[in-house]
1. Out of segment 38-48, which residues are farther than 15 Å from residue 85 by Cβ and without any contact (Cβ under 8 Å) to a residue 40 or more places away in the chain?
2. Does residue 24 fit the bill of being outside any loop (DSSP other than H, G, I, E, B) and in contact (Cβ under 8 Å) with a residue 40 or more places away in the chain?
3. Select from segment 77-114 the residues that are touching a helix residue (DSSP H, G or I) at 6+ places or on another chain (Cβ under 6 Å) and loosely packed, with under 11 Cβ neighbours inside 10 Å and list them in ascending order.
4. Please enumerate the residues belonging to segment 41-60 that are in a loop (DSSP other than H, G, I, E, B) and surrounded by 13 or more Cβ atoms within 10 Å (Cβ to Cβ).
5. Could you check segment 63-131 for helices (runs of 4 or more DSSP H) lying wholly inside it with 1 or more residues that are at pLDDT 90 or above and out of contact with any strand residue (DSSP E or B) (no Cβ under 9 Å at 6 or more places or on another chain)?
6. Considering only residues that are touching a strand residue (DSSP E or B) at 6+ places or on another chain (Cβ under 9 Å) and loosely packed, with under 12 Cβ neighbours inside 10 Å, look in segment 1-40 and name the one that is modelled with the lowest pLDDT.
């Protein structure tokens, strides 16, 4: 184990901006697999900086820990992931990310108008959702979710 490839938990916390307690939590959940030294200290691959960064981004995108764990399970254990390893994750997540972008765009574009929830409280709702026609499509904000 070359010293340059491995970092301690404090260094990983400093580099990622994530609290040590959160890193231990990620380890507990199986998102990180540090090596233990003979003194039982955690040692992380430098590439775990990218793993933690991925976790932070995925959480901001609204992915749950189970979804994040599923994606990270595609990476190899015990070695630095290659570009090809990360590209596999990128391809599988691209559809999810595009769907989120579309939802965010629809929400941004509709939020100040009628969102199809049936409240009919805005003047525009009377135009876009006269007599709550969108309610026939199902419950909730139909103009955003459909």
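1. The answer is 38, 39, 40, 41, 42, 44.
2. no
3. Correct list: empty.
4. First, the residues of segment 41-60 that are in a loop (DSSP other than H, G, I, E, B): 41, 46-47.
Listed by number, the residues that qualify are 46, 47.
5. Those helices (runs of 4 or more DSSP H) span 65-72, 83-110.
6. 1
The values are calculated or read from the model by the stated rules, or taken from the named source; none is laboratory data. Quick caveat, the model's predicted, so the values are computed rather than measured. As a convention, Cβ positions derive from the backbone with ideal geometry for all residues, glycine included, and neighbour counts pool all protein chains shown.
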